[in-house]
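Reading through the structure tokens given below for one structure.
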């Protein structure tokens with residue numbers, strides 16, 4: 001329900017995996033556009049209306065995902081679906097005052113994309129501003145992402161050559177994202193300047209990788225936020241709680257005044273977030289990161305470009321249009337965040353319950369990082385990775401075995417109840433069943 005950024009992305013993702021999807025959208029023009037683009041059935045109407053739900057045959061659905069821009073509509077639709085016998089309901093609810101009511105009306109999973117993005121940004125800032133910082137096993141295994149710079153020691157090396165240079169291997173490159181192509185890492189894979197690289201490591205053991213790739217490990221001290229959206233305000237509050245000096249710039253005087261009143265630790269500045277004079281006056285050249293979090297992609301991109309030209313160490317842009325993601329690094333923007341991906345991580349994990357414990361998606365790739373449990377009856381139990389011959393579209397980057405975690409090699413043996421961190425492309429998803437059993 002709802003064909004905005006989150007709904008259309010999920011419809012495309014789940015339909016590509018063979019799910020039968022019905023998409024409900026109130027905007028007739030948007031509905032017609034998606035009917036030609038996606039392999040889904042599109043129903044035009046208000047998703048909270050019993051008539052629309054009946055037309056969509058919601059009573060036959062296993063799951064309702066209500067992700068319109070209206071909290072009330074999402075809650076009402078989930079409640080109606082409960083009465084009509086839909087087994088599971090997910091609703092996007094951003095107003096904290098409505099969360100308790102939504103739970104009472106039968107919502108199984110509540111998602112707040114803005115809150116998820118804010119927490120993702122804080123994790124990135126605390127890890128030195130690399131593009132991804134994702135924890136598994138309560139932080140004992142970590143997945144990091146970053147870009148290969150022209151001066152990186154890893155540029156133009158194959159992964160096998162890179163591995164031969166390092167003693168005591170405690171991390172592994174799991175994927176290389178190059179433009180619109182995602183390469184699951186192999187020994188012959190060559191790293192090129194501009195590549196977006198994903199690595200898996202045991203906690204606290206990524207120093208060699210960071211040094212080779214030219215990534216920094218220290219958390220940032222000063223951050224400038226452009227915009228005063230809910231996401232911007234929430235991110236500013238979380239950063240201040242982490243002890244990071246935070247300045248927020250927006251040209252809406254009332255919003256700036258509200259930020260200053262509600263969070264005195266944030267330096268709230270009234271001004272155009274794309275104006276070089278304003279950014280200079282706030283010391284952008286000495287800023288570790290500029291986060292452009294307005295509601296407009298164009299302003300976010302321009303703000304990042306201006307900040308970068310004035311000497312900002314790192315720029316992060318919020319984006320709504322997915323087709324902008326792959327070009328961000330090429331124009332001087334270091335990273336991007338998206339509410340749709342934050343929501344997708346929570347929803348995909350719910351959809352793939354059972355042996356699946358977590359799912360992480362990436363902004364510029366259709367690959368996923370999936371934590372799954374190996375059941376005792378799995379045909380993989382007792383075999384090494386070399387023996388089970390994983391498809392080229394899949395790699396296991398980490399194993400959680402009770403209190404032990406490690407990065408596996410070809411001779412590592414799979415045991416029952418192991419949790420595997422698998423990085424896979426969509427075409428390899430059916431193979432996950434062979435691992436989990």
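Projected label points at residue 55 and residue 366, each 7 Å from Cα along the beta carbon direction, are separated by 3.0 nanometres.
Packing around the peptides 402-411, 26-35, 117-126, taken as the average count of other Cβ atoms within 10 Å per residue, puts them in this order, highest first: 117-126, 26-35, 402-411.
The calculated FRET efficiency for the pair residue 153 and residue 17, based on their C-beta separation and a Förster distance of 45 Å, comes to about 0.70.
With the simple model of a label 7 Å out from the Cα in the direction of the Cβ, residue 401 to residue 119 spans 3.0 nm.
Over the chain, DSSP H runs of length four or greater, each weighted -39,500 (n - 2.57), average out per residue to a 222 nm ellipticity of -9000 deg cm²/dmol. Between residue 281 and residue 188, the modelled label-to-label distance comes to 5.9 nm, taking each label 7 Å out from Cα in the direction of the beta carbon. Each peptide in 189-195, 73-79 gets a packing score, the mean of other Cβ atoms within 10 Å over its residues, and the list from highest to lowest is 73-79, 189-195. Ordered by the count of other Cβ atoms within 10 Å of each Cβ, fewest first, 229, 274 give 229, 274. Here the chain was treated as a single set of alpha-carbon atoms; its pair distances binned every 20 Å from 0 give 24, 55, 21, 0 percent.
The stretch between residue 126 and residue 267 holds 48.8 nm of extra length on full extension. This uses 0.36 nm per residue minus the Cα-Cα distance.
The length gained on full extension between residue 413 and residue 241, counted as 0.36 nm times the residue separation minus their Cα-Cα distance, comes to 57.6 nm.
Entry note, the stretch 384-435: relative contact order of 43 percent, from Cα contacts under 8 Å with a spacing of 6+ residues.
Both radii are taken from the alpha-carbon atoms of the stretch 347-436; with Rh as the Kirkwood radius, Rg/Rh is 0.94. The protection proxy used here, the mean number of other Cβ atoms lying within 10 Å of each residue, ranks peptides 87-93, 416-422 as follows, highest first: 87-93, 416-422.
We did not get these values from a lab; they are worked out from the coordinates using the rules stated. Just so it is clear, the model here is predicted, and its values are computed rather than measured. Note that each Cβ is placed from the backbone with ideal geometry, even for glycine, and that neighbours are counted across all protein chains shown.
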